[in-house]
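K.L.:
So that we are looking at the same thing, I have put the structure below in structure tokens.
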Amino acid sequence: MKILVCISHVPDTTSKINFTDNNTKFDATGVQFVINPYDEFALTRAMWFKEKQGATVTALNVGNNTTEPTLRKALAIGADDAVRINTEATDGLSVARQIAAYAKAEAFDLILAGKESSDYNGGMVPGMVANLLDYNFVNACIGLEIEGSAALVTREFDGGKEILQTSFPLVIGAQKGLVEENELRIPNMRGIMMARQKPLKVIEPVAVDPATQVNSYEKPLQKSACKIIDANNLDELIRLLHNEAKVI
Amino acid sequence: MTVLVLADHSEGKFKNAAFELISYGKSIADMANTKLIVATIGAKDISELSRFGPDKVVNIVNERLAVFNAKAIADALSQLAEKESADIIVLDSSNNSKYLAPLMAVNLNAGMVSGAIDVPSSLNPFVVKRVAFSSKAFVHTEIKSAKKNNLSCKKFLRNKRKSIKPCLRRLFSFTGGRRF
């Protein structure tokens, strides 16, 4: 079985977010980048299929050369090889088109991707890839088993979960629960050394027009200090709710 | 050009998010001076949807759609969007909608934004504010016209359900009682 794991290169969720150029560009200064946490669930599950069922695992990223350390980490975790599509990831649809173009040529049986990235939270790439390739698709997966030519997928929906049986080729939108957090792998020294020897192929993108663009960024307003109003001073409470909070 | 909103229901009962979403769609339709169409799948009683001002309610009834099947529903909604010349499509941010939206976006060759928290700040260019970086920032995203031979330009907007109420409240205070 050939598995493709799509890897996003995202700021660590503990990083402080700042913007430059009059809030039109993300400021990467001092930001630690990591594998998107949802993609890490997908990669860890792919490793399980590699070790138990002999699958081959390719890690793929759409991005410029600054994303290579993240791909190397995926290799250190155990991916067999890695591919970087050499273009900025600016828009979900164009990223999906890049992934679909590569995956179509390579005929993967299973494509795993996080259900969304933790930076732009778009949640669109796995579904778009599936539709572009006309593959089966299950989103928000919290369980995946393979039995012969069938996949048993557990999906979460609002208020419950359901188990679906589907066939390959298949695209999965992974989320927390696909593997337990304590199963996530930290690359060991041997893995890091081996990752240096593994192939990381850089391919040029297909021509795609982005469907969206970021015009500017904005940070939420700082929360104001809590005001304590005496229980007997209802007039003041009403005045503040009306004039300051503007909720009545 | 019309605005299309999907009103989701659970076992025949419409969720509050569906009504909020219709109000949100109505405000965009008013901004664009166009019609609002509400679509729902296999609802038994659609009368309560009319209270929120849509110009038309379409109830799609089909045996294949009786059980949630993302591909089939996305295809049905995409066909409806084409038929009604919907340029702006609004879904909530339930897990099912997150499943449907990217499928529809590809079907319609539409730009897509998720997590919108306000009405568009501009319709031409179409710019909408959305959450990003796990709610540590907002992004003002422009949805550019997607090109395809026989398709009109589509803009695709998926709303973030949890953010609708604060958004309502803010607009209420700024616009002197106008609800969207």
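The values are calculated or read from the model by the stated rules, or taken from the named source; none is laboratory data. Source: prediction; values computed, not measured. In this analysis, Cβ positions are derived from the backbone assuming ideal geometry, glycine residues included, and neighbour counts consider all displayed protein chains.
K.L.:
Contact list please: Cβ distance under 8 Å, first residue in the stretch B:96-110 and under 15 Å from B:ALA86 (Cα atoms) and in contact (Cβ under 8 Å) with a residue 40 or more places away in the chain, second residue surrounded by fewer than 24 Cβ atoms within 10 Å (Cβ to Cβ) and among the basic types (Lys, Arg), pairs at least six apart or on different chains.
P.N.:
B:ASN109/B:LYS147; B:ASN109/B:LYS148
K.L.:
Collect the residues in the stretch B:116-128 that are surrounded by fewer than 21 Cβ atoms within 10 Å (Cβ to Cβ), in a strand (DSSP E or B) and either facing chain A (nearest Cβ under 9 Å) or touching a Leu at 6+ places or on another chain (Cβ under 9 Å) (or both), keeping them in residue-number order.
P.N.:
B:VAL127
Okay, residues lined up against (1) among the β-branched types (Val, Ile, Thr); (2) not in a loop (DSSP other than H, G, I, E, B):
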{"site": "A:LYS16", "(1), (2)": "no, no"}
{"site": "A:ASN22", "(1), (2)": "no, no"}
{"site": "A:LYS52", "(1), (2)": "no, yes"}
{"site": "A:VAL57", "(1), (2)": "yes, yes"}
{"site": "A:ALA76", "(1), (2)": "no, yes"}
{"site": "A:ARG84", "(1), (2)": "no, yes"}
{"site": "A:VAL95", "(1), (2)": "yes, yes"}
{"site": "A:ALA105", "(1), (2)": "no, yes"}
{"site": "A:PHE108", "(1), (2)": "no, no"}
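K.L.:
Would a scan of the stretch B:2-15 turn up a residue that is over 23 Å from B:SER122 (Cβ atoms), within 12 Å of the chain's Cα centre (by Cα) and at pLDDT below 90? Quick ask: steps written out before the conclusion?
P.N.:
First, the residues of the stretch B:2-15 that are over 23 Å from B:SER122 (Cβ atoms): B:6-15.
Adding the requirement that they be within 12 Å of the chain's Cα centre (by Cα) leaves B:6-8.
With the extra rule that they be at pLDDT below 90, the set shrinks to B:8.
Looking through the stretch B:2-15, at least one residue is over 23 Å from B:SER122 (Cβ atoms), within 12 Å of the chain's Cα centre (by Cα) and at pLDDT below 90.
K.L.:
I need the full set of residues from the stretch A:120-155 which are away from chain B (no Cβ under 11 Å) and either touching a Phe, Trp or Tyr at 6+ places or on another chain (Cβ under 7 Å) or hydroxyl-bearing (Ser, Thr, Tyr) (or both), in order please.
P.N.:
A:ILE146, A:SER149, A:ALA151, A:THR154
K.L.:
Hey, can you tell me all the residues within the stretch A:194-242 that are touching a residue at least 60 places away in the same chain (Cβ under 8 Å) and within 13 Å of chain B (Cβ to nearest Cβ)? Working first, answer last.
P.N.:
At the first step, the residues of the stretch A:194-242 found to be touching a residue at least 60 places away in the same chain (Cβ under 8 Å) are A:194-196, A:198-206, A:208-219.
Residues satisfying the conditions are A:VAL208, A:ASP209, A:PRO210, A:ALA211, A:THR212, A:GLN213, A:VAL214, A:ASN215, A:SER216, A:TYR217, A:GLU218, A:LYS219.
K.L.:
Kindly establish whether A:ALA89 is within 15 Å of A:ALA113 (Cβ to Cβ) and in a loop (DSSP other than H, G, I, E, B).
P.N.:
On the way: within 15 Å of A:ALA113 (Cβ to Cβ): yes; in a loop (DSSP other than H, G, I, E, B): yes.
Against the criterion (within 15 Å of A:ALA113 (Cβ to Cβ) and in a loop (DSSP other than H, G, I, E, B)), A:ALA89 qualifies.
K.L.:
If you don't mind, another one. For the stretch B:1-85, which strands (runs of 3 or more DSSP E) that fit wholly inside it have 2 or more residues that are touching a Lys or Arg at 6+ places or on another chain (Cβ under 8 Å)?
P.N.:
B:2-6, B:35-41
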